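Engineer: My questions will all concern the structure given below.
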Amino acid sequence: MKIKKVVVTGAAGFIGQALVKYLVRTGSEVIAVDRVIVNIPGCSFHQADIIEQGVLDNLLCKETVLFHMAARASVEGSVVDPRNDFQNNTYSLLEVLESARKKNCKVIFPSTASIYDPSNKLPLNERAYVRPTSPYAAAKVAGEAYCAAYHRSFGLNVNIARLFSVYGIGMNRFAIHDLIRKIQHNKKEIELLGDGNQIRDYLYIDDVVRGLVTIALNGQPGEDYNLASGIEVKMIDLAHKIATLMEFPNIKIIPTGKSFAGDVPQWYADITKIKQIGFSQEVSFEEGLIKTINWLTNETK
């Protein structure tokens, strides 16, 4: 089963590009939208800044599924410049929802696990207490609220995909990327942000895009879904795992004891709800790490 007509905003981003390529392979008619020009064979490209009123209007129809992947995805950046974060993550969504409302098309909105309050009991289900710790997370909470409001006020078919930690081929930042790069540059010792006891839930990029499409095809109107592996990974164990896979098992890992404002210390997901609509993880954590390590190390040769 495939989606016939698709528009993907943020198509130049890590997840956006992977999603467009997957949709093209499955036979969807895809329009990729971004401020930055990106050349992905098999799709149409429309250069636009979605913060401008009505820029998506002529690209949508009732049969379209709109994946709104455009965002400024940086907790640290949102703390430094919350106004810019609001413009790119909240105000831009309002314009996207307005365009979707005019054409009555389906919208998939990617949110984040960082919206959850750190005091919640793990694993986190979709009804866990929401209390953001950063402007970025606040923008995603606002985005979820606007999606719910447009669903209830206008009948817009909206689904929220709550992403946890995404990794894989194409990534250019975040913990797994940074650990691999650090080990490449220093085979004897590396620093690890925090105390090493932080917990994350990693899902490989191929599974993430399949999950997004599963939500688009099978998700119930107005519902939110955790999109994750449901497996807890301690960061000190992650660092040792990557070092071992890179054949440096005896590397010294030094926790800094320091983090950044807005960081959430622990999260992993209860994925019962998304499994009920047909999603299952296909790429194991070790397999995904090997793919990512091979790609990043070959990229620098």
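The values are calculated or read from the model by the stated rules, or taken from the named source; none is laboratory data. Treat the numbers as computed from the prediction; the structure is a model and nothing was measured. Counting neighbours? That spans all protein chains shown, and the Cβs are built from the backbone with ideal geometry, glycine included. Accessible surface areas use protein heavy atoms only, side chains included; no ligands, DNA or RNA. Shrake-Rupley method; radii C 1.70, N 1.55, O 1.52, S 1.80 Å.
Engineer: Kindly point out which whole DSSP H helices in the chain project their C-alpha atoms 24 angstrom or further along the helix axis while averaging a Kyte-Doolittle hydropathy of -0.5 or above.
Structural biologist: 135-154
Engineer: Compute the FRET efficiency between HIS46 and GLU98 as 1/(1 + (r/R0)^6), taking r as their Cβ-Cβ distance and R0 = 22 Å, and round to the nearest 0.05.
Structural biologist: On the way: r = 17 Å, r/R0 = 0.79.
Once the sixth-power term is evaluated, E becomes 0.80.
Engineer: Between GLU63 and ARG152, what is the FRET efficiency for a Förster distance of 35 Å, r being their Cβ-Cβ separation, to the nearest 0.05?
Structural biologist: Once the sixth-power term is evaluated, E becomes 0.95.
Engineer: Accessible area of region 86-231 with a 1.4 Å probe: how many percent of it is carbon plus sulfur?
Structural biologist: 50
Engineer: LYS121 to ILE290: FRET efficiency via 1/(1 + (r/R0)^6), r the Cβ-Cβ distance, R0 51 Å, to the nearest 0.05? All intermediate terms of the calculation are to be shown ahead of the outcome.
Structural biologist: Values: r = 33 Å, r/R0 = 0.64.
Here the calculated transfer efficiency is 0.95.
Engineer: Also, quick follow-up: Could you check which residue among ILE205, ILE160, ILE254 shows the biggest mean-square fluctuation in a GNM of the chain with a 10 Å Cα cutoff?
Structural biologist: ILE254
Engineer: Sticking with this one: Kindly provide log₁₀ I(q)/I(0) values, in the same order as q = 0.07, 0.12, 0.13, 0.16 Å⁻¹, from the Debye equation applied to equal alpha-carbon scatterers of the chain.
Structural biologist: -0.26, -0.78, -0.92, -1.38
Engineer: Sticking with this structure for a sec: Using the Cα centre of the chain as origin and beta-carbon charges of +1 (Lys, Arg) and -1 (Asp, Glu), tell me which of ALA71, PRO135, THR244 is placed farthest towards the positive end of the dipole.
Structural biologist: It is ALA71, whose Cα lies furthest towards the positive end.
Engineer: In addition: Which value, in Å², gives the accessible area per residue of region 126-236 when a 1.4 Å probe is used on the protein heavy atoms?
Structural biologist: So region 126-236 comes to 41 Å² accessible per residue, rounded to a whole number.
Engineer: So what's the projected area for region 55-179, the Cα convex hull averaged over all directions, in nm²?
Structural biologist: That works out to 9.0 nm², a quarter of the Cα hull's surface.
Engineer: To continue, here is another question. By how many nm would the segment from LEU217 to ARG35 grow when fully extended, if each residue of separation counts as 0.36 nm and the alpha-carbon distance is taken off?
Structural biologist: 62.8 nm
Engineer: For the chain, what's the relative contact order in percent, using C-alpha pairs closer than 8 Å and at least 6 residues apart?
Structural biologist: Working: 595 pairs, mean separation 53.3, N = 301.
Worked out over the chain, it gives 18 percent.
Engineer: Whole number in Å², please: accessible area per residue of region 12-80, 1.4 Å probe, ligands, DNA and RNA not counted.
Structural biologist: 50
Engineer: Tell me, rounded to the nearest percent, the portion of alpha carbon pairs in region 2-115 spaced more than 17 Å apart. Can you show the working numbers first?
Structural biologist: Working: 3378 of 6441 pairs.
For region 2-115, the fraction of Cα-Cα distances above 17 Å is 52 percent.
Engineer: On to the next question. With springs only between Cα atoms under 10 Å, which of ALA11, ALA149, ALA71 fluctuates most in a Gaussian network model of the chain?
Structural biologist: Checking each option, the largest mean-square fluctuation is seen for ALA149.
Engineer: So for region 172-301, what percent of the C-alpha to C-alpha distances run longer than 18 Å?
Structural biologist: Across region 172-301, Cα pairs with separations above 18 Å total 59 percent.
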